[in-house]
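Accompanying notes for the structure given below.
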Amino acid sequence: MPDIRLEITDEIATITLHRPDKLNAFTTAMENELIEAFDRTDADDAVRAVVLTGSGRAFCAGADLSAGADTFVAPDDWRDGGGRVVLRMFESRKPIIAAINGPAVGVGITMTLAADFRLAAENARIGFVFNRRGIVPESGSSWFLPRLVPLQTALDWVYSGRLVEAAEAHEAGLLYRLYPVDRLLDEAYALARSLTEHSAPVSVALSRQMLLRGLGVEHPMIAHRVETRGILARGASADAREGVSAFLEKRPARFPDRPSTDIPDIFGADMPIPPFHP
């Protein structure tokens, strides 16, 4: 995969945007490679979490503008490429941590909105610059951003298209934590381990979908129905038996169920969100 790198070490997959000479600018090839990478991490039960970062001094400088004024001209049947990536990330069975190691502009920041956590270098800057380029927000950001920060903050950042310092984005709640750039990846890996090392992988996958899909439902009764189905399905599972036994026996749990094969359908018609299809 020429535009990204995928490495798996100690149960953590690292996806690295890898066009450092172009500040990791987003291309159609990168779009397709990212979708393939998340397909692979979902299929690999050895992967417990995914870290998404950039090579070189930038995370992602946004869309590749090498086509000049015609960069955003597309046929009528075209789909937003960043949106395809974000929808695939939304469906991920593994937690995703974005480690924003430098500038993240346009799709460079909107692709991270479907991550579970966004860590950033203290000197990083972000920008929802679409209005300054004569276009509009993409990658599902018109849905995600107002759910992650106050609406007036989202409107400020989108209308103005200004560059936002990491400290401001952290204070607004978009960024989870800030670190010196030389500590960023180590901290992302430490967070990934803390999220997953004592938890059942299938339970993490289901919990992720319950919380993310629940952002769009109109009544807590829908969450109640889904949770009831979840407890019924998981309560009889080998994981639940192992979790209780390990607790009573005061030993680490060894959960046998696998996200690639053992995730029950607990959502049904109550959460009519279609699965992602590339």
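Rule-based calculations on the coordinates, nothing more; no lab input. All values derive from a computational prediction rather than experimental measurement. Because the Cβ atoms are built from the backbone with ideal geometry, glycine has one as well, and the counts that use them run over all protein chains shown.
What the table shows:
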quantity	calculated
Ranking of ASP44, ASP64 by count of other Cβ atoms within 10 Å, fewest first	ASP44, ASP64
Proxy reagent accessibility, fewest Cβ within 10 Å first, across ARG147, ARG84	ARG147, ARG84
Inverse of mean 1/r across different Cα pairs in region 134-263, Kirkwood, Å	18.3
Nearest 10 degrees, 0 to 90: helix 28-43 Cα axis against the chain principal axis	10
Trypsin sites (Lys or Arg not before Pro) restricted to region 175-278 and DSSP loop, no more than 15 other C-beta within 10 Å	LYS250, ARG254
Kirkwood hydrodynamic radius of the chain, Cα pairs, Å	19.7
Alpha-carbon radius of gyration plus Dmax, which is the widest Cα pair, for region 201-270 in Å	13.4, 42
Fraction of antiparallel bridges per DSSP, the chain only, in percent to nearest 5	30
Average Cα contact separation per residue, the chain, under 8 Å, 6 or more apart, as relative contact order %	16
For region 33-172, Kirkwood radius (reciprocal of mean inverse C-alpha pair distance, Å)	15.6
Stretch in the chain that is longest and holds no GluC sites (Glu not before Pro) that DSSP places in a loop and that have at most 13 other beta carbons within 10 Å	1-196
Unit charges at the beta carbon, dipole of region 4-196: most positive-side option, ALA29, VAL181, LEU17	VAL181
Order of ILE15, ILE35 under a 10 Å beta carbon neighbour criterion, fewest first	ILE35, ILE15
